[in-house]
Amino acid sequence: MSARILALVPLAVALNVVIGQLTAALGLPVFLDTIGTVLATGLAGPAVGITTGLVSQAVAALQIGQHMLAFAPIQVLIALVAWAAAGAGGFRSLPRAVGWGLLTGLVAGVPSAVISYYVFQGVTSPGPTAVTTLLVGLGLSRAEAVGVASVGLDLLDKAITFALVGAALRGLPRRLAARFPRGAAAAGR
Amino acid sequence: MSGTPLHPYTPLALAGAVTALAVLLPAPAGPVVLLGLVIAAVAGAGPRGAFRDAAPVVAPIWLFLLILHGLLGDGAPIPALGLTWRADGLRTALGQGARLGAIILASTAVLRGFRPAAFLDAAAARGRPLGPALLVVATIEAIPRLRRRAASILAAQRVRGLSVAGSPVRRLRALVPLGLPLLLGAIAEADDRALTCAARGLDGTARRTALEPPADRPTDRILRALALAAVVAALAWRLLGRPPA
């Protein structure tokens, strides 16, 4: 484990936790709670991204409850898709970043919905659960409602996440771009 | 925990056992009894602040379980409090609510009593590589720092005229001037800290000598053994379909 990983992972995990403070202040129905995972993957590769995702879930398990560990595989999936995006220049422009974000939303949203439905009976964090409850009230079955709420919100969430990470990688000052050549390459610099 | 602090691994092991038992014990009775035991343990010997920490996490979960399962769920109708509840749904809500309540309360109690330095010393005393423990501890210390920075970015951008109200599109646009400085600041800080870590020879693989290794008393060992025994018994019960002899 290099000093760079020891320095980058805690801050990336803290980003996953703290960014929600800004979305809450803006009243947006997204969490962006994988933004640090995507950023760490873009900057330093899949191993660092996966480590960030797993430590994020370990910290969430400490702060919120150990049931959060059920979502650890989703963090791994997101890091893997972000790695593919970085390799394919997925952060070079806003439209590409949003496209890769939508793909990630789909890839992460489906298994996330399965975990939410079977492990948590459809009740997880307030945002998606409120949408699920609304959809059940409108006549959808619980399984359909969980699926639509989870995938729908994940598409929006990951599109914004990838757009922001893309903007950060493209806007890296030259000194930092030299320190994180993978990140610079992912942004087409 | 009040009184003599437990070994840092003991509360983690107990919380892990609560999670395993919450999943393994048959609902709703098992999780309800477990929740009662966790409440009694935290009230009697744990940090009372854990109740305050757990309440805002547990309350919305219980509320949504009651609506989604108790009111909109399945089963025979039960009129009460001016509403029509569903019997099976209420049972599901009770079991899942107690399950998550026990897990969340146990976790918040562990976090309240978590001593990062003692946790690192415990890992060092057992001769384990410090990398994973260091990552968790450094993260827990980084979160409040980044939280303060996010608050100051929000305040600074508001002073510059950024509006955080209005249509969803407008609020979405406001995310860029708020989120981007936070991301770029975190990357710059990571780079600075990497240099500091490298200068101190900190790479997470070197074995370290614990200056003040936390005592692993018989009480700790007994508690961990009991927790493990309870999980093994519950697992055997589930697998064999009957209580172990």
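The values are calculated or read from the model by the stated rules, or taken from the named source; none is laboratory data. Please read these numbers as outputs of a predicted model, since none were measured by experiment. When we count neighbours, we look across all protein chains shown, and the Cβ atoms used for this are built from the backbone with ideal geometry, even at glycine. To get the accessible areas, we keep the full protein, side chains included, count just its heavy atoms, and leave off ligands, DNA and RNA. Shrake-Rupley method; radii C 1.70, N 1.55, O 1.52, S 1.80 Å.
Computed values, structure above
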quantity: Kirkwood Rh, Cα atoms: Rg over Rh of the protein assembly as shown; calculated: 0.99
quantity: Cα gyration tensor shape of segment B:100-245, rounded if a/c is under 1.5, else prolate or oblate by comparing a/b with b/c; calculated: oblate
quantity: Which of B:PHE114, B:THR209, B:LEU223, positive extreme of dipole for the protein assembly as shown (C-beta unit charges); calculated: B:THR209
quantity: Inter-label distance for A:LEU102 and B:ARG173, nm, one decimal - labels placed 7 Å from Cα along Cα-to-Cβ; calculated: 2.2
quantity: Only Lys, Arg (+1) and Asp, Glu (-1) charged, at Cβ; the protein assembly as shown dipole about Cα centre in debye; calculated: 1000
quantity: For segment B:129-199, size of Cβ-based charge dipole, Lys and Arg +1, Asp and Glu -1, in debye; calculated: 520
quantity: A:ILE19, B:ILE222, B:ILE78, reordered so the largest accessible area comes first (probe 1.4 Å); calculated: B:ILE222, B:ILE78, A:ILE19
quantity: Probe 1.4 Å, accessible area per residue of segment B:129-199, Å²; calculated: 47
quantity: C-alpha long axis of helix A:3-26 to longest principal axis of chain A, angle in °; calculated: 50
quantity: Within segment B:163-206: Cβ-based charge dipole about Cα centre, in debye rounded to nearest 20 (Lys, Arg +1; Asp, Glu -1); calculated: 380
quantity: Evaluated over chain A, the Cα radius of gyration and Dmax, each in Å; calculated: 16.3, 55
quantity: Between helix A:72-87 and chain A: long-axis angle, C-alpha atoms, 0 to 90°, nearest 10; calculated: 40
quantity: Between helix A:126-137 and chain A: long-axis angle, C-alpha atoms, 0 to 90°, nearest 10; calculated: 40
quantity: Accessible surface buried upon B-A contact (total; probe 1.4 Å; Å², nearest 100); calculated: 5500
quantity: Rounded to the nearest 10 Å², the accessible area of A:LEU69 at probe 1.4 Å; calculated: 80
quantity: Partner chain coverage, peptide A:172-184 - average Cβ within 10 angstrom; calculated: 2
quantity: Charge sum, other residues only, whose C-beta stays under 14 Å from B:TYR9's C-beta, Lys/Arg counted +1 and Asp/Glu -1; calculated: +3
quantity: Taking segment B:108-245 and dividing mean pair separation by its residue count, relative contact order in percent (alpha carbons under 8 Å, at least six apart); calculated: 35
quantity: Debye intensity ratio I(q)/I(0), log10, chain B, q values 0.08, 0.16 Å⁻¹ (C-alpha model); calculated: -0.50, -1.18
quantity: Residues whose placed amide H lies under 5 Å from that of B:ILE78, excluding near-sequence neighbours; calculated: B:TRP85, B:ARG86, B:ALA87
quantity: DSSP H segments from chain B that extend 30 Å or more along their own axis, Cα-based, with Kyte-Doolittle mean of -1.0 or above; calculated: B:87-112, B:131-159, B:168-199, B:218-240
quantity: Solvent-free Debye scattering, log10 I(q)/I(0), computed from the Cα coordinates of segment A:1-111 at q = 0.21 Å⁻¹; calculated: -1.19
quantity: Kirkwood-type radius of segment B:129-199, with distances r between different C-alpha atoms, in Å; calculated: 14.2
quantity: Which of B:LEU239, B:VAL58, B:VAL42, positive extreme of dipole for chain B (C-beta unit charges); calculated: B:VAL58
quantity: Average Cα contact separation per residue, chain B, under 8 Å, 6 or more apart, as relative contact order %; calculated: 27
quantity: Solvent-accessible area, 1.4 Å probe, carbon plus sulfur percent, for the protein assembly as shown; calculated: 68
quantity: Radius of gyration and maximum dimension Dmax of segment A:115-189, Cα, Å; calculated: 18.6, 55
